[in-house]
Structure formats: structure tokens, C-alpha cells
Amino acid sequence: MTHPDTRPAPAAPHTGAGLAVAVHDLTVAYRDKPVLWDVDLEVPPGLLLAVVGPNGAGKSTLLKAILGLVPAAAGQVLIHGEPLARARDRVGYVPQRGSVDWDFPTSALDVVTMGTYRRLGWVRRPGRREREAALSALERVGMAALADRQISQLSGGQQQRVFLARALVQDTDVTFMDEPFQGVDAVTERAIVDLLKDLRARGRTVVVVHHDLQTVPDYFDWVALLNVRRIASGPVADVFTEENLRLAYGGRVGFLERKADPTPAPGGRDDPTTPHFGRIRP
Amino acid sequence: MMSPQVEIQLIAAVTAAACSLVGTFLVLRRMAMLSDAISHSILLGIVVAFLAVGDLASPWLILGAAATGVLTVALVETLHRTRLVKEDAAIGLVFPALFSLGVILLARHAGAVHLDTDVVLLGELAFAPFDRFAPGGADLGPRALWIAGGVLLLDAAALALFFKELKLATFDAGLAATLGFAPTLIHYGLMSLVSVTAVASFDAVGLVLVVALMVGPPAAAHLLTDRLPRLLGLAVLMGAASAVGGYWLARWLDVSIAGAMAATVGLVFLLALLLAPQRGLVAAARRRASQRLEFALAMLAIHVAQHECGPDAGDECRADRVHLHLHWEPGFAEVVLRAAEQRRLLRREGGLVRLDEAGRDLARGALTR
């Protein structure tokens, strides 16, 4: 998948064997408006993948659909070769910071402790072991001193690090992060990068929705360019090209150029008058 | 045996505690208005169940009513999910429909019973002690107290058992889902609790008070603490205290007990809003005033430091003219000067302001910060 036109081999059943994340033909629509069109994405284990694309490209929706948080109209998701239902405990999620109410009456430590709830199951309460795990996760993101702080009294970057600590404590094989770098200070940015590298060193896979194109080559191994459909995905060196970026961010321009292409291509978006085409199979 | 007065207060306090307990999670989920919707539409369930079984004391009434409460939530969400109406509008559409259906059925078919609209709105707390729970002739107290106590126990047990799950699903439903804690199930579980609590409380205190007790005490408690267990405890205490206080207010003013209790809930919230140590309006105003003074002190120190050795020191540093240069009201300048003298930042000598060492430090610090 080093070129945008390269498609996965047809017909072969998708086993997702050897892949941390395998997404096939994922389509998500809100009512009749497509948000993701027939997206394929294959992520080998042990690497850091950035998902980039313009606003409204469906980056967050891709994550949520993979995690089963929004219903998919079509498609298949495999995590380490298993459907999500059987791989739930191998998947962690760091939502956008704005997705929760930071006025909620709780402390940083308590939020991180929530990451241990899966192991506890229903009804059982977190004990000292869980709190210690949470505290050491806070320490890893440099937040141990603020463990007892009410979460609304933390800065944006500190709140982000609380979320990261919560993902750390879940200790999952695959972690999905939605814009962790959004609006954070330099200290936090550094902490996130170190954390990502640490996770990779331990063989974990991290899929990150990212908005800063300039840092993609520095921070990530692989990149997926998305604009409702997948434009390209693969190693940064191969895929993070000017042409692909133009296809992803050029919107209408990309669409017009693609129309001249002999192979029928999915439609561009951002213009309500532009018709959306699904991939037409021969 | 307790006196009717004590019984009324007990019923009210226990009901209030139960409402505040489940109400806390409604408020935290920003679903306070659902308490309004549920408590109104359960009337339909009560009337339908009554028409079906023909007995006002039947437990089917509670179940039927609780089911309507959950149905209300489901209808609101279905309507909201169409993305054609916002959630608040969906609430405003669903519950008046169900409530008015209940009122019509009540007027047409249940006219003979003592279910009437006054009772529905304000309850009949004053008469609650006359309805005794007396299995086999042994008087065990008012029935309403047993119902309220049972519901409080149910709520407390459910919240204690599923505290962690409720907290998680309320704070971050997405995480709850990825951790396998079915937030929808938790949501409807909570809504069932709210419905059962509303039904039981509605019988004793009427639906106006149900709404007041589910929203007021938790909202007030949230101003006083930022820890969830403490918030729950405070909400229960404030709810129960408002109930008892409202009873005495009603006696004093000779008005509806439920009305006086709702008013007390509002009063307690107002007090919390004004006087909460961190978030209260008074504390906020004080903080602003002290910041204003600190800023004025720094301004004054800098002004004097700039000019006291200059050629125009005789004018710029005159104690009675400083306010002109700083564009202050003369009264405010005097307050600032006095505060500065008290802190030994400066002295007034022969009508001139002279900085002390501390004042010079302040000016230097403010300029180099």
C-alpha cells in the first residue's frame, strides 16, 4: 500500500493475521451523509501510526467506529485477528479531552484509576493495588504530585496527561488516541512523545489522530491519510508525499483530478453539490 | 407511636434523601430536566395501572408508573436520535404529551377516586399519617414512610453496589463502553431508579417537590465540594434538612407543606450559591476585590518609585494628588494608601508619599515579573 491506487488484494478472506489492526470496507454514515466511505486500514503491530486529514475527514469517527462507539453501516474490524467483541481487553482509547466534563467532582488519581475497572469487572471496588497502579502511571507522565487535584484545576496539558495515564494503566496491546497533542504545552507534548516511544519499545501499537503535519515524520512510523475515504496508508517515508497530501487536503481539486483517472474513484467532499461515489466494483 | 407531625417530617426527609441521591447523578449527567419529564409522565402510568387493576394501593401502580418513566426517557432519546430536534426540545415534546394523556384519562375515568390534579402537583403530605401500614391489624406506622424508606434503601443499595460503574459511565461513557461496562444499560438502570423514586415520592410529596428535591440539593452540594462521595452525602443531608425546614416554614406561614419545602430547597441553593467557600458569589467577589487591591498597591508603588527622585516629585508624589495621576477616585486612593501604610510599603511625610524598602521591592518585583 505504498501508492494510493494500490488496493488490497480482492476476494481473499480478511484474516487480519499478523496485524494489530485490520479494517476492511468500513463505512459509517450519519443518516444519509457518509462520514467514512469504504475505508481499509492495516496496521502491523509495534508501530506508531498517525491518522491525518482535513477537518471533517472522519478521523475521530474512524477511531470510534473501530472501537464500536458509533455504528458502522458496513465493514469489518479485526484486532490482532479477532473481532472487537473478543478483543475488547486488548484495546485502549484516549478520547478527545473535550469529550468529558472536567467539572466532574473527582481527582486526577480517580480518573486514572478508572483504567483499572476492566480487570475489576462489575461491582468490585478498586483497592490499594489499583490505586498504586494508577499512581505509578501518573508518575510516568510526570503528574504524581497532582494526583489529588480536582480535575478542573488542571491545565489542558495536565488533563491530557491524566488521560494518557489512564490509558497506560489499561496496559493494552493497541491504543487509539484522538488528538492527544491538541492544544497542549511543550512539556506535555514531550511527555506524550516519550510515552509513545516507550509503548513502541514494548511492542505496543498506537493509532493517533494527529493534526500537526510537520511533526508526523518525527513522531510516527506509519501514517494514514484520510478524507472520508482512505487516501493512502503505509510507512511515512513512502506515503507521506506531497501528492498524497494534496489528494487528502485538496478536497475538490483532488476530486476533479481523480475524475480524469480511468479508474472510477470515490468522490471528494466539503462541497454539498459534489456527488459522493462509492467504490464501484467491476 | 410517633406524633403525626414527626411522621410527616420523617416521610418528607426520607423522600428527600432518596430523591437527592438519584438526583445527584441526574445533575452530573446534565439530565436534570429528565427529572421533570419523568415525574410528570409517570402520572399516565399510575392512571393506566389503576384503571387496569382498580386498586390504588396495588404495587402494579408503582411498576406501571416506573415503566412510563423509562418509556419517557426512551421516547426522548429516540426523538433526539433523529437529529431533527435537540434534546431539550425532545423532553419538552414528550412529557407534556404523556402527562396530558394522564390528566385526560384521570378526568374521564378515575373521577371517583381521590387522585386529583391538586394532589398530583403538591402531594398530600398532611394526610399521609392517616394512611397506616397495618398488616394483620398491627399498626406499623404510615404507609408512605414504609414506601419512602423502601425506596431510599433500594437507591442506596443500588448506588453503593454500582457506584464505580455509575461514576465511570457518567464521567466518560465512551470509556465505559470500551471497558465493557455497557453505558446504555447503566443509563437505563439509573433511569429506572429515578422513575421508581419519583413514583414513590410523588405519592407523598407531589411532583413539584420531586423535581425540586432531585435537582436542588445536588446542585447546591456541587458548589460545596468536588468529591463525589462527599457530594452525595451533602446532597442527602441538604435534601433532608430542606424537607424538615420546609415543614416548619409551612406551619409558621400556614401554607402547603410541599410548596414550603420546595421553597426551602431553593433557599438552601441560594445560600450555597452566595456563601460557598470557593465557588460562591461572595467568595468570588472577595477574590476580585483583593486582586484589585493588590494590583492598585503595585501600581502605586511603581508610580512613586518612578517619580520620587525626579524633578516633578513634589507634584507626582503628593499624597492628596496621587489619585489624579493614577486616575483613581479619591476615596479609593485613600483606601489604597492606608493599606500600603499598614503593610509598611510607604509613609506619608509632609504631604508626600515616600516608599519604604518593602514598597521599593514590590515595585521592582512587579516590573521585572
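The values are calculated or read from the model by the stated rules, or taken from the named source; none is laboratory data. Since we're looking at a predicted model, the values are computed, not measured. Here Cβ is always computed from backbone atoms with ideal geometry, including for glycine, and neighbour counts include all displayed protein chains. Calculation scope for accessible area: heavy atoms of the full protein, side chains included, ligands and nucleic acids excluded. Shrake-Rupley method; radii C 1.70, N 1.55, O 1.52, S 1.80 Å.
Taking 0.36 nm per residue of sequence separation and subtracting the Cα-Cα distance, how much length would be gained by fully extending the chain between B:ALA284 and B:ALA358, in nm to one decimal? Numbers along the way, then the final one.
Values: separation 74, 0.36 × 74 = 26.64 nm, distance 2.82 nm.
Taking B:ALA284 through B:ALA358 to full extension adds about 23.8 nm, to one decimal.
Ignoring ligands, DNA and RNA, how do A:LYS33, B:LYS86, B:LYS164 rank by accessible area with a 1.4 Å probe, largest first?
Numbers: A:LYS33 120, B:LYS86 150, B:LYS164 5 Å².
Listed by decreasing accessible area, they come as B:LYS86, A:LYS33, B:LYS164.
How large is ³J(HN,Hα), in whole Hz, for each residue of segment A:120-127 in order, when computed from phi with the Karplus curve 6.51 cos²θ - 1.76 cosθ + 1.60 and θ = phi - 60°, using x for Gly and Pro?
Once rounded to whole Hz, the list reads 6, x, 5, 6, 4, 8, x, x.
Need the per-residue list for segment B:173-198: every residue with at least 50 Å² less accessible surface in the complex of protein chains than in the chain by itself, probe 1.4 Å, sorted by number.
Going by heavy-atom accessible area, the residues of segment B:173-198 that drop by at least 50 Å² are B:LEU175, B:THR178, B:LEU179, B:PHE181.
Under a GNM of chain B (C-alpha, springs under 10 Å), which listed residue has the highest mean-square fluctuation: B:ASP315, B:ASP226, B:ASP139?
B:ASP315
Using modelled amide H (1.01 Å from N, peptide plane; none on Pro or chain starts), what sits under 5 Å from the amide H of A:VAL94, excluding residues fewer than 5 places away?
Amide H neighbours of A:VAL94: A:PHE176, A:MET177, A:ASP178.
Rounded, prolate or oblate, given the Cα gyration tensor of segment B:292-362, with a/c below 1.5 counting as rounded?
Verdict is rounded for segment B:292-362.
Grab the other residues whose beta carbon is less than 11 angstrom from that of B:LEU346, score K and R as +1, D and E as -1, and report the net.
Working: positive: B:ARG338, B:ARG343, B:ARG344, B:ARG347, B:ARG348, B:ARG354, B:ARG360; negative: B:GLU308, B:GLU341, B:GLU349, B:ASP356, B:GLU357.
Its environment carries a net charge of +2.
Buried by at least 40 Å² relative to the chain on its own: which residues of segment A:82-111 qualify, computing accessible area with a 1.4 Å probe on protein heavy atoms?
Correct list: A:ARG88, A:VAL100, A:ASP101, A:PHE104, A:PRO105.
Can you give me the accessible area per residue for segment A:14-111, using a 1.4 Å probe, in Å²?
Here the per-residue accessible area is 36 Å².
Roughly how many Å² is the accessible area per residue of segment B:261-323, as a whole number, for a 1.4 Å probe? Working shown, then result.
Details: 3680 Å² over 63 residues.
I get 58 Å² per residue for segment B:261-323.
Which parts of segment B:25-55, residue by residue, lose 30 Å² or more of accessible area when the rest of the protein chains are there, as against the chain isolated (1.4 Å probe)?
Buried by 30 Å² or more upon assembly, which counts only protein chains, are B:LEU28, B:ARG30.
Mind giving me the nanometre distance, one decimal, between the label points for B:ARG321 and A:VAL123, set 7 Å out from Cα along Cα→Cβ?
In this crude label model, B:ARG321 to A:VAL123 measures out at 8.3 nm.
Assuming a ≥ b ≥ c are the square roots of the Cα gyration tensor eigenvalues, decide whether segment B:1-156 counts as rounded (a/c under 1.5), prolate (otherwise, with a/b larger than b/c) or oblate.
In terms of gyration-tensor shape, oblate.
Nearest 5 is fine: what % of DSSP beta bridges in the protein assembly as shown come out antiparallel, could you say?
Values: 27 of 44 bridges.
If I count the DSSP bridges inside the protein assembly as shown, around 60 percent turn out antiparallel.
Kindly flag which residue pairs out of A:LYS59/B:LYS164; A:LYS59/A:LYS197; A:LYS64/A:LYS197; A:LYS64/B:LYS86 have an alpha-carbon separation exceeding 28 Å in this structure. Please list the in-between numbers first.
Numbers: A:LYS59/B:LYS164 31 Å; A:LYS59/A:LYS197 22 Å; A:LYS64/A:LYS197 24 Å; A:LYS64/B:LYS86 22 Å.
From the list (A:LYS59/B:LYS164; A:LYS59/A:LYS197; A:LYS64/A:LYS197; A:LYS64/B:LYS86), the Cα-Cα distance tops 28 Å for A:LYS59/B:LYS164.
Rounded, prolate or oblate for the protein assembly as shown? Axes are the square roots of the Cα gyration tensor eigenvalues, ordered a ≥ b ≥ c, and the cut-off for rounded is a/c under 1.5.
Numbers: a/c = 2.16, a/b = 1.07, b/c = 2.01.
Note, shape of the protein assembly as shown comes out oblate.
Heavy atoms of the protein only, probe of 1.4 Å, neighbouring chains included. What is the accessible area of B:HIS307 in Å², nearest 10?
50
At a probe radius of 1.4 Å, figure out the A/B buried accessible area, summed over both chains, and give it in Å² to the nearest 100.
Numbers: alone 13640 and 19030 Å², together 29840 Å².
What A and B bury together is about 2800 Å².
Can you give me the % of accessible surface on chain B that is carbon or sulfur? Probe 1.4 Å, all protein chains present, nothing else counted.
Numbers: 11480 of 17570 Å².
About 65 percent, which is the carbon plus sulfur part of the accessible surface.
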